[in-house]
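See structure below.
The values are calculated or read from the model by the stated rules, or taken from the named source; none is laboratory data. Note that the structure is a prediction, hence the values are computed from the model and not measured. All Cβ positions, glycine included, derive from the backbone under ideal geometry; neighbour counts span all protein chains shown. The area values use the complete protein model at the heavy-atom level, side chains included, leaving out ligands, DNA and RNA. Shrake-Rupley method; radii C 1.70, N 1.55, O 1.52, S 1.80 Å.
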Amino acid sequence: MHLKDDTKMLHTQFRANQDTKHLGVEEFLRAVRQYCIPFTSKETLWNEFQAIRQMLNGRMLPIQDIANKIKQYQMQLPRISNWQCYHQLLEAMDAPLLQAVRAFINEDMEWDKLIE
């Protein structure tokens with residue numbers, strides 16, 4: 001097995017540890033996955049979903065990007081309904097944009113039409 005950088009260091013530690021030195025490649029790969037793939041609990045994803053805003057670090061993001069991000073979170077958390085996505089979009093919108101489009105949109109619209 002050819003390893004480099006952080007993975008090589010992890011393998012060295014894995015082999016030096018008295019509890020894991022007798023384990024094989026499969027167990028090492030499980031350990032690497034736990035190290036590399038962040039734990040994303042539903043509560044963490046929900047908090048990130050609710051924190052979506054159009055203004056990010058002083059920059060105004062296009063509303064299409066915000067809508068895509070909302071739908072990505074809906075894919076990760078299937079319990080998020082279309083109704084919740086609609087209201088999160090309203091919540092995320094910059095105030096002047098929301099005032100300009102509020103009269104023309106409603107929660108019964110298809111997502112693509114809503115974003116147009």
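Results, tabulated for the structure shown:
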item	result
For Cα Rg over 2.2 N^0.38 Å, calculated from these coordinates, the label among (1) 2.08; (2) 1.20; (3) 1.63	(3)
Proximal lysines to LYS4, defined as alpha-carbon separation beneath 29 angstrom and excluding residues fewer than eight positions away on the same chain	LYS21
With every protein chain in place, the chain: carbon and sulfur % of accessible area (1.4 Å)	52 percent
Dipole magnitude of the chain about its Cα centre (Cβ charges: Lys, Arg +1; Asp, Glu -1), debye to nearest 20	460 debye
Length-normalised contact order of the chain in % [C-alpha pairs under 8 Å, at least 6 apart]	20 percent
Whole-angstrom Cα spans of the range 70-116 along principal axes, big to small	30, 19, 14
Candidate lysines for bridging to LYS71, where Cα separation is under 16 Å - those fewer than 8 sequence places away on the same chain excluded	LYS42, LYS113
Mean accessible surface per residue for the chain, computed with a 1.4 Å probe while every protein chain stays in place, in Å²	76 Å²
